[in-house]
1. In region 15-54, which residues are touching an Asp or Glu at 6+ places or on another chain (Cβ under 8 Å), aliphatic (A, V, I, L, M) and in a helix (DSSP H, G or I)?
2. Return only the number of the condition from (1) in contact with a Leu (Cβ under 8 Å, 6 or more places away or on another chain); (2) free of Cβ contacts under 8 Å to residues at least 40 places away in the same chain; (3) not hydrophobic (A, V, I, L, M, F, W, C) that residue 80 does not satisfy.
3. From the list 117, 158, 174, exactly one residue is farther than 27 Å from residue 43 by Cα, among the aliphatic types (A, V, I, L, M) and at pLDDT 95 or above. Which is it?
4. Quick one: in region 143-202, of everything that is assigned to a strand (DSSP E or B) and touching a residue at least 40 places away in the same chain (Cβ under 8 Å), which residue is surrounded by the most Cβ atoms within 10 Å (Cβ to Cβ)?
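The values are calculated or read from the model by the stated rules, or taken from the named source; none is laboratory data. This structure is a prediction, so every number in the text was calculated from the model and none was measured. Positions of Cβ are backbone-derived with ideal geometry, glycine not excepted, and every protein chain shown enters the neighbour counts.
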Amino acid sequence: MPRITHLSQLDLNQIYSYADYLTWQLDEMVELIKGKISLMSPAPNLGHQRIERNLIIDIGSYLRGKKCQLFLAPFDVRLYERKKSLLASQDIYSVVQPDVCVVCNPDFLDKQGCNGAPDWIIEILSKGNSKKEMQVKFALYQESGVHEYWIVYPNDFAIHQFILDENKNYQLNAMFTDDDVITPSLFPDLKLDLTQIFESFD
């Protein structure tokens, strides 16, 4: 099998597994969504990076010494239907790189990243990735059992908070903006001030 070093060597219409993904040596960052290659957006701009920095400082400080762990991209998160047990690489067809995620089950962590659904994922929208985060990944995270999903809208200084209901479907818990304070359902004593999250965004 030839060494895969460029996207032109791959068939974008073919179904690939995580085992295939691990053999690629690409310069480009890609994700797999139900076996299909999904190109990631170019490197995040300065505003995106500042929002991510502010989030990880506050969340990371809160989680220090706790069981749950914080990770940020690049970090392979392998996803599949929540009813299935941990799968081997050749049986996994979705691998994503969330901007920020929190994993509370240590059994999901291995040297390759996270094998299963994180408890909390945050995606920060940037030009060109809105549809993927709002539709494709929304459905994937819901199906996989990611308990809490935040979508950050940098230009609107807003965050939408989705939480799985008793039927395992996402419900919009709340929309936060301006000087609101947002609290993850997983950590009721963690208060995140949007004025600080969006500080220095331009």
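1. If the condition is that a residue be touching an Asp or Glu at 6+ places or on another chain (Cβ under 8 Å), aliphatic (A, V, I, L, M) and in a helix (DSSP H, G or I), then 46 is the only one that fits.
2. Single failed check for residue 80: (2).
3. Exactly one residue qualifies, and that residue is 174.
4. Among those residues, the one meeting the criterion is 152.
To keep it simple, each residue is scored yes or no on (1) among the basic types (Lys, Arg); (2) at pLDDT 95 or above.
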| site | (1), (2) |
| --- | --- |
| 68 | no, yes |
| 73 | no, no |
| 85 | no, no |
| 88 | no, no |
| 93 | no, yes |
| 96 | no, yes |
| 100 | no, yes |
| 131 | yes, no |
| 134 | no, no |
